[in-house]
Amino acid sequence: MEIKKPSIVYRHGSGLYVNLTNRCPTACAFCVKKPWAMNYHGNNLNLAGKEPSAAEVISLAAAAWAAEPFSELVFCGYGEPTMRLDVLLAAARLIREGKAAPVPAGLRIRLNTNGLANAVWGRSVVPELKGLVDAVHVSLNSADPEQWAALMRPMEPWAADGFEKVKEFIGEAARTLPETFATVVEGNGVDLEKFKALAAALGARPRVRGRLDDEEKQ
Ligand code: SF4
C-alpha cells in the first residue's frame, strides 16, 4: 500500500487545517487517530517526528491560498496544537503582520484544543493568543471531573488538576478572545444539560458533536 507524504496542512470543509504535532497530553477515548491509522480523509497526518517550523507552515498556507483561498486557518491535527505553542503563535503572528501573502492578515484563525495548555506550560497562555487567534474550540466533554478523566485519559503529570485547568482555560478564553466554544462528543453517557450549564457558567458557547465528526476532530 502506498504511504502518502505526511500532511502539515490539509483542507477540510472550507478551511485549511494545520497539523503541528502528533504529541498530546491526553489519550482521548474517542480519538480516531489510532483506529484510522493516522489517516484523515486521505491525508496522512503521521509526522513521524518531523514537526514543522512556523516558516514551513506559512509557506504551505501561502501556496494553498494561491491554489484556492480558504475561509479560516485551523490549528487542529492528530496531536494537541498547544504542545507547540511557540510555533503556533509565530505562524499566527506572521499572518497578522502580513508576512504570509497572499494569505490576508485578517484571516480568521481558530485553535481546536483539549484546553490543557495552562497546565502543560505552567502559566496562563490565553493572553498570548489575544490578537492572534479569533476562536478557540475546547474539547471539554463533561461537567464531571471523573467522567472527564475517563474520557480524556490525561497523562501524568496533568491528570490530577487537569479538569480544573481546562475550566480555567475556557473561562479565560471566553473573557479574552472573540469566540470560545466548549465542545462535547455525544454518545458517551454525558449529561448534556449539565454540560451546557457548565459551558454557559464559564462564558463559553456549548457545541455537541458526533463521535466521528466530519467537521472537527478535537
Ligand atoms: S482527540 Fe485530539 S487531543 Fe485527544 S488524543 Fe486525539 S489528537 Fe490528542
Would you kindly state how much longer the chain becomes between residue 86 and residue 108 on full extension, computed as 0.36 nm times their sequence separation minus their alpha carbon distance, in nm to one decimal?
6.0 nm
Cβ-derived FRET efficiency at R0 22 Å, residue 36 paired with residue 5, nearest 0.05
0.80
Using a basic spin-label model with each label point 7 Å from the Cα along Cα→Cβ, how many nm lie between residue 66 and residue 14?
2.5
What percent antiparallel are the DSSP beta bridges of the chain, to the nearest 5?
25
Cysteines (scope the chain) whose Cβ has no counterpart Cys Cβ under 4.7 Å
24, 76
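Too long at a 31 Å Cα-Cα cut-off: which of 50/165; 4/130; 50/99?
Going by Cα-Cα distance, 4/130 fall outside the 31 Å limit.
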The chain: Cα Rg divided by the 2.2 N^0.38 Å rule of thumb:
0.97
Just need the relative contact order of the chain here, percent rounded to a whole number, with Cα pairs under 8 Å and 6+ apart.
20
Divide by every residue of the chain the summed helix terms, -39500 (n - 2.57) for each DSSP H run of at least 4, and state the resulting mean residue ellipticity at 222 nm, rounded to the nearest 500 deg cm²/dmol.
-9000 deg cm²/dmol
Given charges of +1 on the Cβ of Lys and Arg and -1 on the Cβ of Asp and Glu, with all other atoms neutral, how large is the dipole of the chain about its Cα centre, in debye to the nearest 20?
340
The Rg/Rh figure for the range 128-173, Cα atoms and Kirkwood Rh, to two decimals is 1.02
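The numbers here are math on the coordinates, done by the rules we state, and not lab data. Only a predicted model underlies this, so the values are computations on that prediction, with no experimental measurement involved. Don't worry about glycine lacking a Cβ; one is built from the backbone with ideal geometry, like all the others, and counts go over all protein chains shown.
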